[in-house]
Amino acid sequence: MAPAATAAFSVSAAQICGPDSLLLLTNASTNSNGNYSWSITPNSGFSFVNGTNASSANPQLQFTEEDSYTIQLQVNACGEPTALQTVTVRLSPDATLITDTPNGCESVTINPAQHIVLSGGASDSVVWTLPAAAYPALAAPTHRR
């Protein structure tokens, strides 16, 4: 009698920041007959990329929406065995600096905590990098919310 199949896989990261980041799924199943079925819930906000699909042994995913995604691998096309993992996707936020300076040439004092609009994704922190040569009196401030 042949050994029973097991379903197992690893993910390249448990949390990714997209939309350009790839999630690599590495199949570690044993004794399977080569039939793989990957399902992702919710079933929108992502796509299989680089020639992979839901039947590939080691698919690659790219995400377009923030969410917590449950990834399931089923081997042998008979419903069993399966393996599950969850991945959290966060999109890169867009930060816009709002100033009251009409042409940007006058001196201005900016309080980033009051003048930043974040959109396009959740953010735990924003790190500002200012070229020292252009702004010698400024340090690189950090804003956390």
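Laboratory data are not the source of any read-out in this text; all were calculated from the coordinates shown. Please read all numbers here as calculations on a predicted model, not as lab measurements. Here the Cβ positions follow ideal geometry from the backbone for every residue, glycine too, while neighbour counts run over all protein chains shown.
Quick query: amide H of ALA8 versus all other amide H atoms, modeled in the peptide plane; which residues come in under 5 Å with a sequence gap of 5 or more or a different chain?
The answer is ALA28, SER29, THR30.
Kindly write out, for the range 79-90 in residue order, the coupling ³J(HN,Hα) from the Karplus curve 6.51 cos²θ - 1.76 cosθ + 1.60 (θ = phi - 60°), rounded to whole Hz, with x marking Gly and Pro.
The phi angles translate into x, 9, x, 10, 9, 10, 8, 10, 10, 9, 10, 10 Hz.
For THR52, what residues show an amide H to amide H distance below 5 Å, using hydrogens built from the backbone and excluding near sequence neighbours?
HN-HN under 5 Å from THR52: GLN60.
If neighbour count is taken as other Cβ atoms inside 10 Å, put VAL49, VAL11 in order from fewest to most.
In order of increasing Cβ crowding within 10 Å: VAL49, VAL11.
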